[in-house]
Amino acid sequence: MCGRYAVTLPPEAMREAFAYREQPNFPPRYNIAPTQPVPVVRLDEGRRQFILMRWGFIPGWVKDPKDYPLVINVRSESASEKPSFRAALARRRCLMPADGFYEWHRLGEGRQQENRPYLFRKPDRGFFALAALWETWHSPDGSEIDTVAIVTGPANGQIAAIHHRSPVVVPPEAFDAWLDPAAEPATLQGLMRPPPDDFFEMLRLGAGVNKVANDGPEVQEPFDPASEPASAPKPAMRSRRGGPDDAQGSLF
């Protein structure tokens, strides 16, 4: 699940990385959330095009978006089988530029549950491309909304420690293949795989990123243990043999 991400590098760097013809003025965003306009690179008349789309996929057959769930991620394993995404996977694939995304590590249960945010980014802090699908929704009044969702797959070894799903990352040498509307299904399946384990570095963050309203560089500051409120020590649980219970709960 990828529910927040970041685009913090300047527009010139994005244009250089993705080689589209426009020169947009997309300001740095440190905490992009669903339903917001997001930068997308797609193929238009054989050339890469920069365009803003609503993050939240709406299939063309939907009559009222209020009656359709918010879809921000599409599972790579089943996209070709689902009526909602089948046509988009075949003909409307795109790239979502990013230079970081966030995942939350859930610990504990019930009221004791704690969600720890983590930032995943390239070690060189550069751009990478999230695989995505887009669709234009036509409203009854004639207006149109371009919508998009990120393609996800099983997490690699590093990300799996935090979350069992990961965005699919398209390497630069495969941009053309992913964007090509005539690409064979076998080619697409070969691209929808987890990134290498060393592709990202992982950084634990403070709680600032939890609030969508917080959208400055401070949300990417590393976690400071001194910022945690002091809590009373919990008594050690004993196993039947009398030693401390070191069993750990499974994630998800």
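Quick rundown of the values:
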read-out	value
The range 166-207: C-alpha gyration tensor shape, a/c 1.5 cut-off, then a/b vs b/c	prolate
Loop trypsin sites (Lys or Arg not before Pro), the range 20-70 (other Cβ atoms within 10 Å of the site Cβ: 14 or fewer; DSSP)	R21, K63
Cα lying deepest toward the dipole's positive end in the chain, options V151, V40, T136, charges on Cβ	V151
Shape of the range 99-193, Cα gyration tensor, a/c cut at 1.5	oblate
Highest-fluctuation residue, D215, D99, D141 considered, GNM on the chain with Cα pairs under 10 Å	D141
Protein accessible area in the chain, 1.4 Å probe - carbon and sulfur %	52
Accessible area per residue in Å² at 1.4 Å probe, computed on the chain	55
Gain on full stretching of the segment that runs from S78 to E109 - 0.36 nm per residue minus C-alpha separation	8.2 nm
The chain, dipole about Cα centre (Lys/Arg Cβ +1, Asp/Glu Cβ -1), debye to the nearest 20	700
Label assignment, Rg and Dmax of the Cα atoms in Å derived from the structure, set [x] 18.0, 59; [y] 20.2, 71; [z] 23.3, 75	[y]
FRET efficiency estimate (nearest 0.05) - Cβ-Cβ, D224 to Q189, R0 41 angstrom	0.45
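The values are calculated or read from the model by the stated rules, or taken from the named source; none is laboratory data. Everything numeric in this text was worked out from a predicted model, so none of it was measured. A quick note on method: Cβ atoms are made from the backbone with ideal geometry, for glycine too, and the neighbour counts reach across all protein chains shown. Accessible surface is based on the protein model in full, side chains and every heavy atom, while ligands, DNA and RNA are left aside. Shrake-Rupley method; radii C 1.70, N 1.55, O 1.52, S 1.80 Å.
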